[in-house]
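The values are calculated or read from the model by the stated rules, or taken from the named source; none is laboratory data. Everything numeric here is computed off the predicted structure, so don't read it as measured data. Here the Cβ is made from the backbone with ideal geometry for all residues, glycine too, and neighbour counts use every protein chain on show.
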Amino acid sequence: MLVAVPDHSSGNSAETRAQDSADDRLHPLLRTRWSPMSFDAEHRSTRQETELLLEAARWAPSAGNSQPWAFIVGCRGDDTHQRLVKHLARSSSRWAPSAGLLIANLAHRYVEDTDWEYSEFSQYDLGQAVAHMTIQAQALGLAARQFRAFDRDGLAAEFAVPDHWEVTTMTAIGKPDAAPAAPAVGDSSRDRRPLLDLLWPH
Ligand SMILES: Cc1cc2nc3c(=O)[nH]c(=O)nc-3n(C[C@H](O)[C@H](O)[C@H](O)COP(=O)(O)O)c2cc1C
């Protein structure tokens, strides 16, 4: 299918193909990114890799440079990893523990001891920091799956996360133990809306 997307460089319309797989012109780190549900349980991330992933998050943009993020990082085999695993949902406990790294992603939601927002963009900014980390993982030959399937309150209690911080999501980062499989019939987990749908108004 061909869709018209405004070409702001020329003021004309450029024809772009809406595709089922990512456009070949995308940067390879974006084109080849996917969220595995199966990781190599032998692979361990080095300390340098882990630091680099956090460094990628550190350099994400944020509203007013508020940097409203923090991470609880568990490396498979360490105590933090074991404490994170305890709070996985049944679904994520099937695949997430085998990733070399399990990370809880925290957003700074409120000013301490108040109900004032610390930043109205804290979850938005956390998402960007995690996206940066995800692409850095890809550049290291690793892959990440972000997920919500865990007990947020249980995890917050486990690590004594104060009320003004929110445990938002988790990320499993590791070496995928398979190439992305062709989606099974009826599996829409990697479908994308057509490009034209992204323009407002439709
Ligand atoms: C905020 C967020 C929450 C997610 N929660 C889950 C989850 O609980 N379980 C899961 O298997 N995948 C989860 N995912 C992964 C998405 O299902 C996945 O990114 C989506 O299907 C697109 O596939 P792709 O990342 O391979 O392109 C989540 C992703 C995000 C960004």
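Among what's in the stretch 48-102 and is touching a helix residue (DSSP H, G or I) at 6+ places or on another chain (Cβ under 9 Å) and aromatic (Phe, Trp, Tyr), pick the residue that is nearest to Pro36 (Cα to Cα). By that ranking, first place goes to Phe71. Residues that are among the aliphatic types (A, V, I, L, M) and within 16 Å of the ligand (Cβ to nearest atom) were ranked within the stretch 185-202; the one that is nearest to Ser21 (Cα to Cα) is Leu195.
In the stretch 60-85, which residues are touching a residue at least 24 places away in the same chain (Cβ under 8 Å) and loosely packed, with under 13 Cβ neighbours inside 10 Å?
Passing the criteria: Pro61, Gly64, Gly77.
Of all residues in the stretch 44-56, those that are at negative phi have Cβ atoms under 6 Å from Cβ atoms of residues that are surrounded by 16 or more Cβ atoms within 10 Å (Cβ to Cβ) and assigned to a loop (DSSP other than H, G, I, E, B), 6 or more apart or on another chain, in Arg44/Gly100; Ser45/Gly100; Glu49/Leu140.
Considering (1) modelled with pLDDT of 95 or more; (2) over 19 Å from the mean Cα position of the chain (by Cα), say which one His8 fails and leave the rest. Status for His8: all satisfied but (1). Scanning the stretch 117-171 for residues that are charged (D, E, K, R) and either outside any helix (DSSP H, G or I) or within 12 Å of the ligand (Cβ to nearest atom) (or both) gives Glu117, Glu120, Arg145, Arg148, Asp151, Arg152, Asp163, Glu166. Among the conditions (1) in contact with a Lys or Arg (Cβ under 8 Å, 6 or more places away or on another chain); (2) under 27 Å from Arg190 (Cα atoms); (3) surrounded by fewer than 18 Cβ atoms within 10 Å (Cβ to Cβ), the only one that Ala131 does not satisfy is (1).
Yes or no: the stretch 109-130 includes at least one residue that is modelled with pLDDT of 95 or more, in contact with a Gly (Cβ under 6 Å, 6 or more places away or on another chain) and of a type in the set (A, V, I, L, M, F, W, C). The answer is no, given that none of the residues of the stretch 109-130 is modelled with pLDDT of 95 or more, in contact with a Gly (Cβ under 6 Å, 6 or more places away or on another chain) and of a type in the set (A, V, I, L, M, F, W, C). Among helices (runs of 4 or more DSSP H) entirely within the stretch 27-116, having at least 2 residues that are closer than 16 Å to Thr171 by Cβ singles out 47-58, 79-85.
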